[in-house]
Amino acid sequence: MIDKLLPAPVVTAEAFQDAPLSAMFPEEWALVAKAVPKRQKEFGTVRGCARDALAELGFAPAPLLPGPRREPQWPAGIVGAMTHCAGYRAAAVARSAEVRTIGLDAEPHLPLNDPGVINLVTLPAERPRLARLAEVQPEVCWDRLIFSAKESVYKAWYPLTRRWLDFQEAELTFDPTDATFTARLLVPGPVVDGREVTEFHGRWLIGSGLVVTAIAMTV
């Protein structure tokens, strides 16, 4: 699925079934040995996806450990992102000489339902736009889509800034005609190649009971 959302410099891998726990490196297993089986499986399988993608770029298998905010720590010269949800794991990687950052998220294509979560995720300006989109395309769970898109925005933002980005600090607009979205940053953005980043641009798709969003900032 995700290969349809990302440009050619990005290499992707995905899985709809979990790999054996024995596929994890000892260093990875040590981090989840006391976790519930669900967490162990998603942790191990998504890293297997990442290793498969890295292999296409010539990297030998190696442990992929999380950083201080649980972000993946990639080999030198690599940018990437991972995501997992029920029944799906995926990773995307690229060389940093070709892609500055990647954001990726997958969620079950189901309504959020809880108004508290929706209000936490969305800005007042976004809610009427989502309502209008729902009138035009009611088959799309727009609340879940904006949640996923903001997760992708954060994953693209964090490697460039090493700072938290709240749901309320990016305003999203969706174009349903070509399944794209724009995230306008409401806080000072990172400086990349001498210019401040004020927006991220991404794509989305729905299939196999999932909503998947992705961002790639190419050089």
Each label sits 7 Å from Cα toward the beta-carbon; between Arg127 and Ala23 the label points are separated, in nm, by 4.3
Here, Ala8 and Leu186, labelled 7 Å along Cα→Cβ, have an inter-label distance in nm of 3.9
Could you tell me which of rounded, prolate or oblate describes the range 79-171, using a ≥ b ≥ c as the square roots of the eigenvalues of the alpha-carbon gyration tensor, with rounded for a/c under 1.5 and, failing that, prolate when a/b is larger than b/c and oblate otherwise?
-> prolate
Rg ratio (alpha-carbon, reference 2.2 N^0.38 Å) - the chain | 1.00
Average projected area [Cα convex hull, the range 10-55], square nanometres | 3.3
Taking the range 1-89 as the region of interest, what is the percent of Cα-Cα pairs per 10 angstrom bin, listed from the shortest bin to the one with the maximum distance?
-> 16, 52, 29, 3
Cα extents of the range 17-143 along the three principal axes, largest first (Å) | 49, 38, 27
Cleavage-rule hits, trypsin sites (Lys or Arg not before Pro), the range 1-50, DSSP coil, Cβ neighbours within 10 Å at most 14 = Lys34
Would you mind working out the magnitude of the charge dipole of the range 1-96 relative to its Cα centre, with +1 at each Lys and Arg C-beta and -1 at each Asp and Glu C-beta, to the nearest 20 Debye?
-> 280
With each run of n ≥ 4 DSSP H residues scored as -39500 (n - 2.57), what mean residue ellipticity at 222 nm is computed for the chain after dividing by its residue count and rounding to the nearest 500 deg cm²/dmol?
-> -9500 deg cm²/dmol
What whole-number value in Å² describes the accessible area per residue of the chain for a 1.4 Å probe?
-> 49
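Roughly speaking, to the nearest percent, how much of the range 99-184's 1.4 Å accessible area is carbon and sulfur?
58
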Lysines near Lys150 by alpha-carbon distance under 22 Å, same-chain residues fewer than 8 away left out - which ones?
-> Lys4
Under 13 Å by backbone N from the virtual spin label 7 Å along Cα-to-Cβ at Val219, the residues of the range 1-27 are 9-10
How about the range 7-62: which chymotrypsin sites (Phe, Trp or Tyr not before Pro) there are in a DSSP loop, with at most 16 other Cβ atoms within 10 Å of their Cβ?
-> Phe16, Phe59
Using the per-residue mean of other Cβ atoms lying within 10 Å as a proxy for protection, in what order, highest first, do the peptides 147-157, 86-96, 184-194 fall?
-> 147-157, 86-96, 184-194
If the cut-off is a Cα-Cα distance under 17 Å, which aspartates and glutamates reach Lys34, setting aside same-chain residues fewer than 8 apart in sequence?
-> Glu42
Sort out for me the Cα centre separation of the range 10-65 from the range 148-202, rounded to whole Å.
-> 27
How large is the charge dipole for the chain, taken about the Cα centre, if only the Cβ atoms of Lys, Arg (+1) and Asp, Glu (-1) carry charge, to the nearest 20 debye?
-> 460
Unit charges at the beta carbon, dipole of the chain: most positive-side option, Ser152, Ala13, Gln73 = Gln73
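The values are calculated or read from the model by the stated rules, or taken from the named source; none is laboratory data. Owing to the predicted nature of the structure, the values given are computational and were not obtained by experimental measurement. Neighbour counts are summed over all protein chains in view; Cβ atoms, including those assigned to glycine, are modelled from backbone coordinates with ideal geometry. Note: accessible area is taken over every heavy atom of the protein model, side chains too, but ligands, DNA and RNA are not part of it. Shrake-Rupley method; radii C 1.70, N 1.55, O 1.52, S 1.80 Å.
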